[in-house]
Each structure stands twice: as structure tokens, then as C-alpha cells.
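**Q** Structure incoming, see below.
The values are calculated or read from the model by the stated rules, or taken from the named source; none is laboratory data. Bear in mind that the values here come from a model prediction, so they are computed numbers and not experimental data. Note: accessible area is taken over every heavy atom of the protein model, side chains too, but ligands, DNA and RNA are not part of it. Shrake-Rupley method; radii C 1.70, N 1.55, O 1.52, S 1.80 Å.
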Amino acid sequence: PPPPAAAAAAAAVSTTASSSPSTLPASPSSPPQITQHNSTALPALSDADAAAHRVAVDMWRDKWVDGHVGFHLPRAHHQLVQHKTALLGEGVTSPPEQSKRILVPLCGKAVDMLWLAACGHRVYGVELSRVAAEEFFAESGMPRSVASADRPQGGPAEPWGAGVTRVHTSGNVAVIEGDLFSLRATTVRGPPDTDSTTGERQWDRAGDGDAVDVADTEDGDARVGAQGSISFREESLRFAAGRGPAMDAVWDRGALVAVEPHLRERYALALSEWMAPGARMLVVVVSYDPDAGIEGPPHNVSPDTLKALYEPLGMAVTLLGSEECIDSAPPRMRQRISSMTESVYLVTKPPAARRHRW
């Protein structure tokens, strides 16, 4: 069962959750076009951009040390509560199903993670700041265990990444302390790429001649109801080491709008690599007058920008709703603009056949 703090978080929003939509959005009649896109196709990061990322890493860590975290919400985000069904379906008890693995990038100490855990799911947050990770568990009253992740700066994922240092776990919540860009997936595979010379779709092959997806290659599963069970702590350490598992869902509130614009393409690619075939992601972004001369974060993310990031990866992007949010904008931004729009999108990775006979 979820820890008391998680149960309390769920109870606090139960009235709002009851108004969530009861059906999933209609699926398109055919999956989106898959285009060839992989990490080797991205140009090397320039020295200037790598240096800018190091400055951003220090900035975010300093914000948490100094307590300048006005973006933190003391309750589950209303867009998550409202659109939970679109992201996760009806839940783990009605009808019965395996609990889902949910990734929360740049999680801070978001109460959203407690709420998702109270719904019965496995939650993986990724956060640069040790202060944020420690405050999350301390303020929720959840006893935690801490293990070294041992993925140093300059590792194989992105040599300019700030590394991954520790994994904090309690119950069915983990916070991986480190740089998201040092966590590039090494085993998660999604839909097939298209060979640029033959035009044929290419799959990873197993020894028996069948094409398989990542679910066929996992040697342990920490989800409720799974066979070959391993501990959630062990699964979290595997994820921190870049050995999977694939994520069933992603909740991105405040992550894409915080990532430096020159890293957005790498960020989108990393998320797509972690997502299992058929996985869904809720993305909350803000948009405002691009000519106002304002520098984020939060960075301006227009509908066209979001589609340009995910549609080339074969993912469907659907707008679920928008609302005015100027009252929540930082004071320095309210001095320059009179309107800011918060929009929530459902981003869906196409399903892949589990077996394909050659």
C-alpha cells in the first residue's frame, strides 16, 4: 500500500480527480509515420553550448540551496489530476492491470510524485539537486534508502553531462539524483527505424530470428503483478545505470520549459528512447509573446515548437487544453508581458508489434 503521506496526497485531490475524463482519446486509424532519428544523427554539442549547460546546472542547484523555488507547487498539479485518465487509463484496480512506470523529468520535490504513487504506480523522478531530493522525502515523511549510482561526469551518454550520483528510494518512488542528459538509455528500444538505403524498417533481432521489443528482453520486473519480480530499488538502480526499464508514461510539468533551448532536441530524443512502445506523455508548457525580449526559464514553447520536437520521432501530439496563467509567471516576466498561456499536450508513442516473423 502507498505510504501515509502518499495516501493523504491522493485524498486531498480526490474530489478533483473524480472529474477526470473516463475514456481515452480516440486513437488515429494508422500510426504516425516513423522517421529515422537516433542519437548519432545529432551534431556534437559545441563547446559554448556545453559551457552554457554547466552554467545552467549550477544555477538550478543554487536555486534549491537558496530556496528560490517559486515554481514548486504544494499540491498535485491540476492538469495532471484532470488528465490522469488520458495518461494512465482507468488505474490499477478498475480494471485490474499492472502498475505503470512513470518518469518525472526534472522533478524537484513535486507533490505530483506522491499523488502518482498513491494511485499505485511506480514513479521515477530525475533531479539535479540533492537538496530537492532530500527535501522531497523529508517533507513527505517517507523514510528513504540511498545508494550510489556511480555514473560520473563525462560518461558514455553525453560527455558534457553533469553525471548521476545517487538514487533515493522509498516505497514505490525513486529520485535519481543527477543530470538527465547523463541518463541516456542504452537498452530501451521503440518502433523500428527506416533504413535510409533500402527504405525497409529495421528491428533489433533476437537469436531466434524474431524481432522483439524491450519487453521481451527484460530479465526482471518490479511492477505490481509482474512475473520475475525484482525489488523497486534494484529496478531504480538499473535505470540510473542506463539499463532500462522502459517507461509506460511520462509527466513533464516544468521540464521542457526549463531545458535550455539548444538542448531541446536531445531532451526529446532521450525521453522517446525511455518510453515503451505505446507509452503516453503529458507535457505542460507555456507560451508568450516571443518578441517581448524575455529570457526563460520558463522558456517559450509554442505549439509548432512542440510538434517539431516530437512528430519527427514518430509521436502523435494532441492539444488537450489551454488557459491563461500570467498570475503564476515570475515577477520579472509580468513586468514585460500581460499574457502567458499554459497548455497541456498528450504525446503518444506508436505501439510496436511484439513479434515479427522474418
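**Q** Using a ≥ b ≥ c from the Cα gyration tensor of the stretch 232-320 (square roots of the eigenvalues), is it rounded, prolate or oblate, where a/c under 1.5 gives rounded and otherwise the larger of a/b and b/c decides, a/b for prolate?
**A** prolate
**Q** Counting pairs of alpha carbon atoms under 8 Å apart in space and at least six apart in sequence, what relative contact order in percent does the stretch 261-358 give?
**A** Dividing the mean separation by the residue count of the stretch 261-358 yields 40 percent.
**Q** With a 1.4 Å probe and all protein chains in place, put Asp252, Asp58, Asp304 in order of accessible area, largest first. The partial results should precede the final answer.
**A** Numbers: Asp252 0, Asp58 85, Asp304 115 Å².
The most accessible residue leads, giving Asp304, Asp58, Asp252.
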